[in-house]
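Down below is the structure, laid out as structure tokens.
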Amino acid sequence: MLALFQKLGYTTLSTLQKLGRANLFILHVVTGLPEILTRVRLLLVQVYSVGVLTVLLVSISGLFVGMVLGLQGYNVLSDFGAEQTLGVMVAASLVRELGPVVTALLFSGRAGSALTAEIGLMKATEQLSGMEMMAVDPVKRIIAPRFFAGCLSMPLLASLFSMIGVMGGYFVGVGLLGVDEGAFWAQMKSRIDFYDDVVNGLIKSAVFGVIVTWIAVFEGYDAVPTSEGVSRATTRSVVYSAFAVLGWDFVLTALMFGGD
Amino acid sequence: MTGGNADDEVLVSIRNLVFSRGSRKIFDGVDLDIPRGKITAIMGPSGTGKTTLLKLIGGQLRPDSGTITVDGRIVHELSLGRLYELRKKIGMLFQTGALLTDLNVFENVAFPLREHTKLPESMIRTLVLMKLQAVGLRGARDLMPAQLSGGMARRVALARAITLDPMMILYDEPFTGQDPISMGVLVKLIRDLNRELGLTSIVVSHDVEETASIADYIYLISEGKVVGQGTPDAIRHSESPWVLQFMEGLADGPVPFHYPAPDYAADLLNPPA
Ligand SMILES: Nc1ncnc2c1ncn2[C@@H]1O[C@H](COP(=O)(O)OP(=O)(O)O)[C@@H](O)[C@H]1O
Ligand SMILES: [Mg+2]
């Protein structure tokens, strides 16, 4: 019994310590912003490897998710004779929920895990220590460009996901199932609100971008510098990101859409 | 660089250093002096804390107590900015080379220049090629670190360590895992660079022969203490049984061959239930 409490206490303490480290770490990363603004090239290289290389994955996934939404939505809506609102349903699901959430999960699997592994390996091979000894701050030189590249890429990727998803829903709904084209777009246009839906969706994806990239770079930087340690850190990066994204999605949804 | 009085002759001075990892005391009252312009070797078995000592000198770790003075400044009392200024004057050669794997050889050597200076590209090129020439790898400038042999990687790291014209270089196990030829190359490079650039060198190693052949002075460390010191000749003719065992590579001696274990016969006859 005592042992159980001991273990519980230890776990709580070490979790709190880690949270503390993560917070100090992100403050340190943010102080690297002025330097990045004077050396934009460092950021662009990372936007390419974190963002651009994720475009294909996000596009294909968006297309399929949109097509599935078109099929499922049609099945339900046609029971009520409301097929014309298919466009609204597809767009609202994508822009409010699936765009930000699914993109964040894909982003963490494709880019977040790669960031964690890369930074962890740089630590394990003493590249980060080596930089410190060359009087270069690795948090500002290595971590900060990657962090800001991730934060910048996520909202763009989520928007892309939603746009392609709507196209997928359109192909299935209008192209295959014969929903009226004019109604599909007109209903979507009149019922999707710019502020309530689009802006809230963008805010969500921006928040998820910060969370996922933060977790990814911190797990890499905090990894035990061995092959095993890096492998564990990579797994943790993806798992924690998934929990954090789904948890925060609930909180944000409650705040944004909870009332009506 | 060299001043008149005796204190100026010492670049790094360590007094009563205590440092622990967890409950284990890695250093327990170590005193060392590293003279300017000389090659000082610090030797000891693996795991005694040689790398740790270099990190303490470079300010990456803080001592529990005691002082480490580098060029008249107490390292662990410096602000981060001052510490970085000091580090620009110290080159460190990591055991693995620690080259940046996403940059080629040229860019690795140019890295400190690009980070710390605003020199024009043509000047950077000239400086980098000079440093690469000094280590004999001017022709390898376009290779990526993964394409280099272990010995070449260390030479590139050495070129990078001298790009900012430091006053001191710290070498972490420069000979470990090298074939005889690259071993010879590295021995010659360390000796020549120290003389020609007027550097101070600290070589941390457990390779007795090579280290003894270039060092001006040797410290032997074991179990957190300095157990022997002197010129290579003096060390070779030391009376201390520990020094003798280490220098001659004897299997048994003050460092026992057996890891502490219960009595052998009793252990064999009493298997656990
Ligand atoms: N980051 C670390 N955390 C905990 N213990 C460490 C760490 N680095 C080294 N040690 C321990 O400190 C001791 C000295 O390590 P090190 O300085 O690398 O020895 P050497 O370079 O002489 O082989 C070793 O027992 C090692 O296990
Ligand atoms: Mg070592």
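Key figures for this structure:
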| item | result |
| --- | --- |
| 2 or more residues within 12 Å of another protein chain (Cβ to nearest Cβ): qualifying helices (runs of 4 or more DSSP H) within the range A:94-193 | A:113-124, A:127-133 |
| Filter result (modelled with pLDDT under 90 and within 16 Å of ligand 2 (Cβ to nearest atom)) within the range B:187-207 | B:Ser205, B:His206, B:Asp207 |
| Selection count, the range B:155-179, where residues are within 16 Å of ligand 1 (Cβ to nearest atom), within 14 Å of chain A (Cβ to nearest Cβ) and either under 19 Å from B:Glu196 (Cα atoms) or without any contact (Cβ under 8 Å) to a residue 60 or more places away in the chain (or both) | 2 |
| Qualifying position, being within 9 Å of chain A (Cβ to nearest Cβ), in contact with a Leu (Cβ under 6 Å, 6 or more places away or on another chain) and hydrophobic (A, V, I, L, M, F, W, C), among B:Met43, B:Met92 | B:Met92 |
| Condition met for A:Val88 (over 30 Å from A:Val136 (Cα atoms), touching a Lys or Arg at 6+ places or on another chain (Cβ under 6 Å) and buried (at least 17 other Cβ atoms within 10 Å of the Cβ)) | yes |
| Filter pass, B:Gly44 being within 17 Å of B:Arg154 (Cβ to Cβ) and small (Gly, Ala, Ser) | no |
| Selection from the range B:36-59 of residues that are touching a residue at least 60 places away in the same chain (Cβ under 8 Å), more than 16 Å from ligand 2 (Cβ to nearest atom) and either more than 21 Å from B:His206 (Cα to Cα) or among the β-branched types (Val, Ile, Thr) (or both) | B:Arg36, B:Gly37, B:Ile39, B:Thr40 |
| Which numbered condition B:Pro145 fails, given (1) within 13 Å of chain A (Cβ to nearest Cβ); (2) under 17 Å from A:Ala135 (Cα atoms) | (2) |
| Options B:Val203, B:Val128; residue that is among the β-branched types (Val, Ile, Thr) and within 18 Å of the chain's Cα centre (by Cα) | B:Val203 |
| Some residue of the range B:2-24 being touching a residue at least 40 places away in the same chain (Cβ under 8 Å), buried (at least 19 other Cβ atoms within 10 Å of the Cβ) and within 16 Å of ligand 2 (Cβ to nearest atom) | yes |
| B:Thr48 being under 19 Å from the mean Cα position of the chain (by Cα) and of a type in the set (Ser, Thr, Tyr) | yes |
| Residue that is farthest from B:Thr200 (Cα to Cα), among those in the range B:82-103 that are aliphatic (A, V, I, L, M) and within 16 Å of ligand 2 (Cβ to nearest atom) | B:Ala98 |
| Test for B:Ala215: is it away from ligand 2 (no atom under 16 Å from the Cβ), at pLDDT 85 or above, within 14 Å of another protein chain (Cβ to nearest Cβ) and within 20 Å of B:Val70 (Cβ to Cβ) | no |
| Search result, residues across the range B:170-184 that are touching a helix residue (DSSP H, G or I) at 6+ places or on another chain (Cβ under 9 Å) and more than 16 Å from ligand 2 (Cβ to nearest atom) | B:Asp179, B:Ile181, B:Ser182, B:Met183, B:Gly184 |
| Out of B:Thr117, B:Thr101, sole residue that is surrounded by fewer than 18 Cβ atoms within 10 Å (Cβ to Cβ) and either within 13 Å of the chain's Cα centre (by Cα) or within 9 Å of chain A (Cβ to nearest Cβ) (or both) | B:Thr101 |
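The values are calculated or read from the model by the stated rules, or taken from the named source; none is laboratory data. Quick caveat: nothing in here was measured; it's all calculated off a predicted structure. No Cβ is skipped: glycine too gets one built from the backbone with ideal geometry, and neighbour counts run over all protein chains shown.
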